[in-house]
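Encoded as structure tokens, the structure appears first; notes follow it.
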Amino acid sequence: MTGAAGVPRVTARCCWALSAALLLASCGTGASAGQEDGGRLPAAPAGVTAAAGSATSVHVMWNRVTDNGSRVEAYEVYRGPTLVKEVPASEHMVDVTRLKPGTTYTFRVRARSTDGRLGPESAEVRATTPAAAAADSRPPSRPEGLEARAVGSRAAELSWKASTDDRKVVSYEILQGSTKIHGVGGDRTSAVVTGLRPGTRYSFTVRARDAADNLSPTGDAVRVTTTGTGQDDGRGTAPKAFAAAAVKADGAWHLEISWEPPAADGVVTEYQIHLDGAPATTLVWGGRTPDGRATHRFFVGGGSGETHRVRLRAKLPDGTWGGFSPEVRVTTGR
């Protein structure tokens, strides 16, 4: 089955709220929480990714687990069956180091609650470190031309010119002050930093790393100020190219919506649909998220000639809700 513009349809089965004010979780497989001894466990971290940072390191990221009745204290990162890193709940990425060159590794992440209980494991992801470069002591050139722009009140988009290396740039590291806060692959020259504070001035720099762990000099700093509270229309973190249409199937009307993911490094696995000004349902990708444009259809009733207003927002990898897409009006036909 295909969606708009011939894009394969990826449909999750969702419950529909009879009261539009009631927010439901998707009936599909998602980040759900179990119960044990009367309390709720943290959910399994979603959106886990892993990418080589050098021949001996891998950068692991995941979506921050939001409160579902069990407060998260820390995340545990496993390489195969072995616990290799533990990070506080305020972070959702880490570099796993001291790895072997040219080797494939598997990683999983678990959240631990403040009472010490571990939630279920995330999906397993794989990353392969590149082969080591013999006698490579030459670092990449420093990234030049770093630019930044505020994306509303809680995010910033960075871009820079590619570094050069006598072999290959494997990754770029984004620093806030002297602290590494993010990393992207060597084929990237841009990044989106989320989880920022409204009305705050930030300073960022970028440096490059090759397979032999040689670090380039840090590029020039760039400063950017996020917009203040109440000044953010949210469009910078909203789903892109949002569209909606009425579709009749099995004698009833449905709304078919389609969109492209918002600009946010990491994997967006959860969306919230608002219908006629109120939360209607959430859509959670239980397996692999769609590549590129996504399509979803949901029931709105049997009446013709009814006009509905629909919009969409995404839960960003840092656990916060992004901005809403523009609201679209759709009228059911005959």
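The count of lysine pairs in the chain whose Cα atoms are under 29 Å apart, excluding pairs fewer than 8 places apart on the same chain, comes to 13. Our summary gives the chain a relative contact order of 19 percent, counting only alpha carbon pairs under 8 angstrom and 6 or more residues apart. With a Förster radius of 25 Å applied to the beta-carbon distance between THR218 and GLU91, the computed FRET efficiency rounds to 0.70. Taking the chain as a Gaussian network, Cα atoms linked when under 10 Å apart, which of LYS180, LYS315, LYS240 shows the biggest mean-square fluctuation? Highest fluctuation among the options: LYS180. Computed across region 36-128, the Kirkwood hydrodynamic radius from all distinct Cα-Cα pairs reaches 13.3 Å. I want to make sure I understand the PRE zone here: with the label point 7 angstrom from the Cα of ASP166 toward its beta carbon, which residues in region 192-223 have backbone N atoms less than 17 Å away? Residues 209-217 qualify, since their backbone N sits under 17 Å from the label point. Segment THR179..LYS240, full-extension length gain: 18.8 nm, with 0.36 nm per residue of separation and the alpha-carbon distance subtracted.
At 0.890 mPa s and 25 °C, plugging the Kirkwood radius over alpha-carbon pairs of region 40-82 into Stokes-Einstein gives what diffusion coefficient in µm²/s? Answer, rounded: 203 µm²/s. Derived scalar couplings between HN and Hα for region 175-191 equal 10, 10, x, 9, 9, 6, 10, 6, x, 9, x, x, 8, 9, 10, 7, 7 Hz in order, rounded to whole Hz, by the Karplus curve 6.51 cos²θ - 1.76 cosθ + 1.60 (θ = phi - 60°), x for Gly and Pro. Value of Rg to Rh for the chain, rounded to two decimals, is 1.01; Kirkwood radius and Rg both from alpha-carbon coordinates. Given in Å, the Rg to one decimal and the Dmax to the nearest whole number for the Cα atoms of region 115-191 are 16.9, 50.
When the alpha carbon gyration tensor of region 205-310 is reduced to an equivalent ellipsoid, the three semi-axes, largest first, read 40, 19, 10 Å. Given their separation in residues at 0.36 nm each and the Cα-Cα distance between them, ARG197 and LYS100 gain 31.1 nm when the chain is fully extended. In order along region 59-64, the phi-based Karplus estimate (6.51 cos²θ - 1.76 cosθ + 1.60, θ = phi - 60°) of 3J(HN,Hα) comes to 9, 10, 10, 7, 7, 5 Hz; Gly and Pro are listed as x. Using a cutoff of 8 angstrom between alpha carbon atoms and counting only pairs six or more residues apart, the relative contact order for region 187-334 works out to 24 percent. For region 166-237, the pair-distance distribution built from all alpha carbon pairs, in bins 10 Å wide starting at 0, is 17, 44, 26, 10, 2 percent. Computed from backbone phi, the HN-Hα couplings of region 81-88 come to x, 9, 6, 10, 8, 9, 10, x Hz, rounded to whole numbers (Karplus: 6.51 cos²θ - 1.76 cosθ + 1.60, θ = phi - 60°; Gly and Pro given as x).
Coordinate-derived values only; no laboratory data. What you are looking at is a predicted structure, and each value in this text was computed from that prediction instead of being measured. Here Cβ is always computed from backbone atoms with ideal geometry, including for glycine, and neighbour counts include all displayed protein chains.
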